[in-house]
Amino acid sequence: MANVEMKVNGRAVRRDVPDATLLSEFLREELRLTGTHVGCDTSQCGACVVHIDGKAVKSCTALAASCAGSEVTTVEGLANGELHPMQAAFKDNHGLQCGFCTPGMIMSGIDMVTRYKAAGRELTEEAIRHELEGNICRCTGYHNIVKSIQDAATKM
Ligand code: FES
Ligand code: FES
């Protein structure tokens, strides 16, 4: 067993979990933060993306124990009284259909906008499509997902 301590959405948490517990399992089953979705068992779909110390990571690829001491943000931690600009942009641009991929798309979207802004680079439509390589939408609504991220980039 591992004694795992980390900050999740600004709150300190501590749990004893089996060594092999994935971060996605830790979030969903231990903390009941079910906004982080699990859509595959091959690390392909990106529905499980969260931020670890500010960077987008597929939470099904990280052991909870290896994230000890980290600050983790899930989709539940984004809204602060009002929707995060990325959440609002998905709503305004119809960037979701069934919504299963949406938490991962939003977390990846925030990460890419933040990285490109920090580097002073323009986040073009082509760059967004390339960046979304690791996120799959089974409803195939990529056009509006890209539009949502472009819209959010003007507001973040
Ligand atoms: Fe993590 Fe699919 S559940 S990539
Ligand atoms: Fe249904 Fe993307 S909105 S999987």
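The values are calculated or read from the model by the stated rules, or taken from the named source; none is laboratory data. It should be emphasised that the depicted structure is a prediction, and the values quoted were computed from it without experimental measurement. Every residue, glycine as well, gets a Cβ built from its backbone with ideal geometry; the counts of neighbours run over all protein chains shown.
What is the one condition in (1) in contact with a helix residue (DSSP H, G or I) (Cβ under 6 Å, 6 or more places away or on another chain); (2) in a helix (DSSP H, G or I) that MET156 does not satisfy?
Failing condition for MET156: (2).
Collect the residues in the stretch 78-112 that are in a helix (DSSP H, G or I), surrounded by 19 or more Cβ atoms within 10 Å (Cβ to Cβ) and small (Gly, Ala, Ser), keeping them in residue-number order.
Scanning the stretch 78-112 gives ALA89, GLY104, SER108, GLY109.
In the stretch 38-54, which residue that is near ligand 1 (Cβ under 8 Å from one of its atoms) and hydrophobic (A, V, I, L, M, F, W, C) is nearest to GLN97 (Cα to Cα)?
Applying the filter and picking the extreme gives ALA47.
Consider only pairs whose beta carbons are under 7 Å apart and that are at least six residues apart or on different chains; among these, list those whose first residue lies in the stretch 30-46 and is in contact (Cβ under 8 Å) with a residue 12 or more places away in the chain and whose second residue is acidic (Asp, Glu) and in a helix (DSSP H, G or I).
Final answer for the pair search is LEU33/GLU76; GLY35/GLU76.
Out of CYS40, CYS60, CYS45, I need the residue that is in a loop (DSSP other than H, G, I, E, B) and surrounded by 21 or more Cβ atoms within 10 Å (Cβ to Cβ). Which one?
Selected residue: CYS45, the only one of CYS40, CYS60, CYS45 that is in a loop (DSSP other than H, G, I, E, B) and surrounded by 21 or more Cβ atoms within 10 Å (Cβ to Cβ).
Just need a number here: residues in the stretch 97-153 that are more than 19 Å from VAL75 (Cα to Cα), among the small types (Gly, Ala, Ser) and modelled with pLDDT of 95 or more.
Going through the stretch 97-153 one residue at a time, the tally reaches 4.
Kindly establish whether ALA20 is exposed (fewer than 12 other Cβ atoms within 10 Å of the Cβ) and small (Gly, Ala, Ser).
yes
Among all residue pairs at least 6 apart or on different chains, which show Cβ distances below 7 Å where the first residue, located in the stretch 89-107, is on the phi > 0 side of the Ramachandran plot and the second is within 10 Å of ligand 2 (Cβ to nearest atom) and at pLDDT 95 or above?
So the pair list comes out as HIS94/ASN144.
Hey, could you check the stretch 103-156 for residues that are among the charged types (D, E, K, R) and within 22 Å of LEU27 (Cβ to Cβ) and say which is farthest from ligand 1 (Cβ to nearest atom)?
Step by step, filter the stretch 103-156, then rank; the result is ASP111.
Surrounded by 17 or more Cβ atoms within 10 Å (Cβ to Cβ) and either within 16 Å of ligand 2 (Cβ to nearest atom) or farther than 19 Å from ILE145 by Cβ (or both): is that true of ALA65 in this structure?
yes
Can you confirm whether LEU27 is more than 18 Å from LEU78 (Cβ to Cβ) and either touching a Lys or Arg at 6+ places or on another chain (Cβ under 7 Å) or surrounded by 19 or more Cβ atoms within 10 Å (Cβ to Cβ) (or both)?
When the stated conditions are applied, LEU27 does not pass them.
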